[in-house]
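Trainee: Shown below is the structure under consideration.
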Amino acid sequence: MDYLKRLMKYLDDCKLLVAVGLILALAGIFCSMAVPKVSKHIIDDVLVARHFEKLYHFAIILAGLVLSKAILNYFQSYIFEYTSQKAIYKLREQLYTKLQYQSFEYFDRASTGAIMNRIVGDLEAIRNFLNQGFVQVISIVITLILALSIMLSMNLLLSFLSLATTPLIYSNVKSLAKKLQPTFREIRTSFEKLTSKVQENITGIRVVKAFGNEELEKKSFGKVAFEFTSKNIQAADIRSVHNPLANFLNGLNSVIILVVGGYLAIKGKLSIGTLFAFVSYVNLFSAPIGNIQNLVNQWQNAFASLEKVFEVLDSEVLIHSPKNAIHLKNIKGDIKFENVYFKYKDKFVLKGINIHIQPGEVVAILGQAGSGKSSLINLLARFYDPTSGRILIDDVDVKNVKLCSLRRNIGIIMQETFIFSDTIAANIAFGKPDAKEEEIKWAAKLARADEFIERLPEGYSTVVGERGIGLSGGQKQRIAIARALIYNPKILVLDDATSSLDFETEAEIQNTLKEVIKGRTTIIITHRISQLVVEANKIYYMQDGRIVEQGTHEELMRFKGRYYTTFKKQLLERANSLPA
Ligand SMILES: Nc1ncnc2c1ncn2[C@@H]1O[C@H](COP(=O)(O)OP(=O)(O)OP(=O)(O)O)[C@@H](O)[C@H]1O
Ligand SMILES: [Mg+2]
């Protein structure tokens, strides 16, 4: 119920409208309630009493009631559609904002399918409830109370009889709700799996095709889709037992009333008009009870969704700017890692890291895959916090720095380049949407992306695909470099930025980088020992979360350790790749 209360808060802006909608719904119910009363008069006072001249009068009242109900219905539907849309808009916006600020750790845990479902499917289930379920529940309660009061005032015995099957109907609805709840949860989970599967498949369709794996993918999709279908059939199966039972119980009510009421009418203890009105009220009374089955579905769906949506809204953001956060301005670019330990889950991936990088220095970090190189950067930019130890920029702990100011001072060129489906200019200016044309061109020029961009038919306004389709690996990399430079950051990080490129393109980009890194503290993470590494002020070699070798190129070559072996191996590989 707490969730319901919270949900109602989203209607606060539209309180008045909701009240009007409820009044209209109430008026609609009154119209429905009046129809059997008028019919009773038509039967008793016009038809039985043979006062046909009164028919015209009653017919007009009847038509008026039916028409009013239709008009009231129209406005009521419109109001609830409008208010529910507005409430969901607010909720969706909050949900999206929350996701934007969530830390990496959250996205490590949540599947894309689940997140998509929160924003799309779950909110739709809640909207359906707000739009229909909510007003229907109120209508049902009022209809039941009104119909029952009118029936009691007409005939006590028949009223009690029409309640005879109520306990059975109630227990039927209750057992349906109990059985459906776990099934609905399973449907939800399998729908998330389905969404994730489609999302992953479409994102990775190039890999699927490259490996000729279409048939296998089809099969694994079929499995997930079948699970979703069978869960839905299971739910339908549960409903299909309960629905006929509910209909039967409702029908039984009418039969009891007709038999007993008919007997009373024959005996002259009940007018035919009253009997007719009674049967109509029983129907009015039973219709919503029958509908309770659907409402139970809708409520359970909405509640399961509400739970999930509020779970996201209430989730703790582990990484956030502290109170009185320091705004980093005009930094020198001094970086210190002080005895840093870090684990993602249980296993430590960084164990006692100590690094000091002076302003303007170029540092190269090497090491095998999984040795913890990217994790270092994740901590520097505060994508995660260290388990113990500190990271300082210009002697300020990054934990005390305002997050956006921290990240604006660090230009990161990630291991995987992501190009948004937008223009090239927008992709470069991603971190600074208000960047002027000259700034974008300056960054592009520095990244040596200007030449190929200007050759494109629409230049900087060329729209590139979701993943930068239409751009070569090297071109994407250059856009990523330009994007990292747009803030003119004092600290630059290149995480394996060129390893996916061929030697020639890599050499070209390395040349570019030589210009780019001038005057910036630079961390180069790489597998390949390039000219930049050789010329670096210091090289760190990492293994299993520890720094096992450090020094300049010459020092490490003299040391004849892992760096030396890597260098020799790569030299040999390169020599072998050249024609004899
Ligand atoms: N989000 C994560 N959740 C859990 N474990 C992670 C996560 N990211 C990385 N790891 C683990 O942490 C370890 C270090 O990973 P990291 O990405 O820092 O390695 P790396 O040196 O950058 O490797 P590569 O050269 O392949 O990029 C690895 O064992 C990896 O499996
Ligand atoms: Mg890495």
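The values are calculated or read from the model by the stated rules, or taken from the named source; none is laboratory data. Here the structure is a predicted model, which is why all the values come from computation and not from measurement. Methodologically, a virtual Cβ is constructed for each residue, glycine included, from the backbone with ideal geometry; neighbour enumeration extends over all protein chains shown. What goes into the accessible areas is simple: the full protein's heavy atoms, side chains included, and nothing from ligands, DNA or RNA. Shrake-Rupley method; radii C 1.70, N 1.55, O 1.52, S 1.80 Å.
Trainee: For the stretch 335-385, how many residues are closer than 21 Å to residue 411 by Cβ, away from ligand 2 (no atom under 13 Å from the Cβ) and polar (S, T, N, Q)?
Mentor: Qualifying residue count for the region: 1.
Trainee: Looking only at the stretch 258-303, how many residues end up being open to solvent by less than 50 Å² (accessible area, probe 1.4 Å), more than 26 Å from residue 245 (Cα to Cα) and not β-branched (Val, Ile, Thr)?
Mentor: 5
Trainee: Is there any pair linking a residue in the stretch 222-249 that is in contact (Cβ under 8 Å) with a residue 40 or more places away in the chain to one that is not in a helix (DSSP H, G or I), with Cβ under 9 Å and at least six apart or on different chains, and which?
Mentor: 249/165
Trainee: Considering each of 166, 97, 143 in turn, give the residue that is away from ligand 1 (no atom under 16 Å from the Cβ), among the hydroxyl-bearing types (Ser, Thr, Tyr) and surrounded by 17 or more Cβ atoms within 10 Å (Cβ to Cβ).
Mentor: Values: 166 fails: surrounded by 17 or more Cβ atoms within 10 Å (Cβ to Cβ); 97 fails: surrounded by 17 or more Cβ atoms within 10 Å (Cβ to Cβ).
Of the residues listed, the single one that is away from ligand 1 (no atom under 16 Å from the Cβ), among the hydroxyl-bearing types (Ser, Thr, Tyr) and surrounded by 17 or more Cβ atoms within 10 Å (Cβ to Cβ) is 143.
Trainee: Quick one: in the stretch 558-571, which of the residues that are touching a helix residue (DSSP H, G or I) at 6+ places or on another chain (Cβ under 9 Å) and farther than 16 Å from residue 363 by Cα is least open to solvent (accessible area, probe 1.4 Å)?
Mentor: At the first step, the residues of the stretch 558-571 found to be touching a helix residue (DSSP H, G or I) at 6+ places or on another chain (Cβ under 9 Å) are 558, 562-564, 567.
Those left that are additionally farther than 16 Å from residue 363 by Cα: 558, 562, 564, 567.
On the way: 558: 171, 562: 103, 564: 57, 567: 38 Å².
Filtering the stretch 558-571 for residues that are touching a helix residue (DSSP H, G or I) at 6+ places or on another chain (Cβ under 9 Å) and farther than 16 Å from residue 363 by Cα, the one least open to solvent (accessible area, probe 1.4 Å) comes out as 567.
Trainee: Sticking with this one: Being part of a strand (DSSP E or B) and either among the acidic types (Asp, Glu) or at pLDDT 85 or above (or both) narrows it down to one residue among 276, 342, 310; which is it? First the steps, then the outcome.
Mentor: Numbers: 276 fails: part of a strand (DSSP E or B); 310 fails: part of a strand (DSSP E or B).
Checking each option against the conditions leaves just 342.
Trainee: Tally up the residues in the stretch 344-360 that are within 12 Å of ligand 1 (Cβ to nearest atom) and open to solvent by less than 70 Å² (accessible area, probe 1.4 Å), please.
Mentor: Qualifying residue count, the stretch 344-360: 4.
Trainee: Being within 16 Å of ligand 1 (Cβ to nearest atom), open to solvent by less than 20 Å² (accessible area, probe 1.4 Å) and not basic (Lys, Arg): is that true of residue 493 here? Don't jump to the end; show me each part of the working.
Mentor: Numbers: within 16 Å of ligand 1 (Cβ to nearest atom): yes; open to solvent by less than 20 Å² (accessible area, probe 1.4 Å): yes; not basic (Lys, Arg): yes.
Criteria met by residue 493.
Trainee: Can you report the number of residues in the stretch 94-123 which are under 27 Å from residue 77 (Cβ atoms) and either without any contact (Cβ under 8 Å) to a residue 24 or more places away in the chain or not in a helix (DSSP H, G or I) (or both)?
Mentor: 1
Trainee: Another question about this same structure. Scan the stretch 296-343 residue by residue and report those that are more than 24 Å from residue 362 (Cβ to Cβ), of a type in the set (D, E, K, R) and touching a residue at least 60 places away in the same chain (Cβ under 8 Å).
Mentor: 307, 308 - these are the residues of the stretch 296-343 that are more than 24 Å from residue 362 (Cβ to Cβ), of a type in the set (D, E, K, R) and touching a residue at least 60 places away in the same chain (Cβ under 8 Å).
Trainee: Condition first: near ligand 1 (Cβ under 7 Å from one of its atoms) and in a loop (DSSP other than H, G, I, E, B). Can you find one or more residues in the stretch 372-391 that meet it?
Mentor: Yes, some residue in the stretch 372-391 is near ligand 1 (Cβ under 7 Å from one of its atoms) and in a loop (DSSP other than H, G, I, E, B).
Trainee: Could I ask something else about it? If I filter the stretch 427-441 down to residues being in contact (Cβ under 8 Å) with a residue 24 or more places away in the chain and of a type outside the set (Lys, Arg), which single residue comes out as most open to solvent (accessible area, probe 1.4 Å)? Walk me through how you get there before you give the answer.
Mentor: The initial filter retains those residues of the stretch 427-441 that are in contact (Cβ under 8 Å) with a residue 24 or more places away in the chain, namely 427-432, 435, 439-440.
Narrowing further to those that are of a type outside the set (Lys, Arg): 427-431, 435, 439-440.
Working: 427: 2, 428: 0, 429: 7, 430: 111, 431: 29, 435: 17, 439: 51, 440: 18 Å².
Looking at residues that are in contact (Cβ under 8 Å) with a residue 24 or more places away in the chain and of a type outside the set (Lys, Arg), I get 430.
Trainee: Please pick out the residue among 91, 72 that is surrounded by 15 or more Cβ atoms within 10 Å (Cβ to Cβ) and under 27 Å from residue 149 (Cα atoms). It would help to see each step written out before you state the result.
Mentor: Values: 91 fails: under 27 Å from residue 149 (Cα atoms).
None of the others qualify; the one that does is 72.
Trainee: Let me confirm something: among 129, 58, 160, 52, which residue is within 27 Å of the chain's Cα centre (by Cα) and either under 30 Å from residue 260 (Cα atoms) or crowded, with 17+ Cβ neighbours inside 10 Å (or both)?
Mentor: After ruling out the rest, the residue left standing is 129.
Trainee: Looking at the stretch 499-513, is at least one residue surrounded by fewer than 19 Cβ atoms within 10 Å (Cβ to Cβ), outside the structural domain of residue 369 (by TED's automatic domain parsing) and free of Cβ contacts under 8 Å to residues at least 12 places away in the same chain?
Mentor: So far as the stretch 499-513 goes, no, none of its residues is surrounded by fewer than 19 Cβ atoms within 10 Å (Cβ to Cβ), outside the structural domain of residue 369 (by TED's automatic domain parsing) and free of Cβ contacts under 8 Å to residues at least 12 places away in the same chain.
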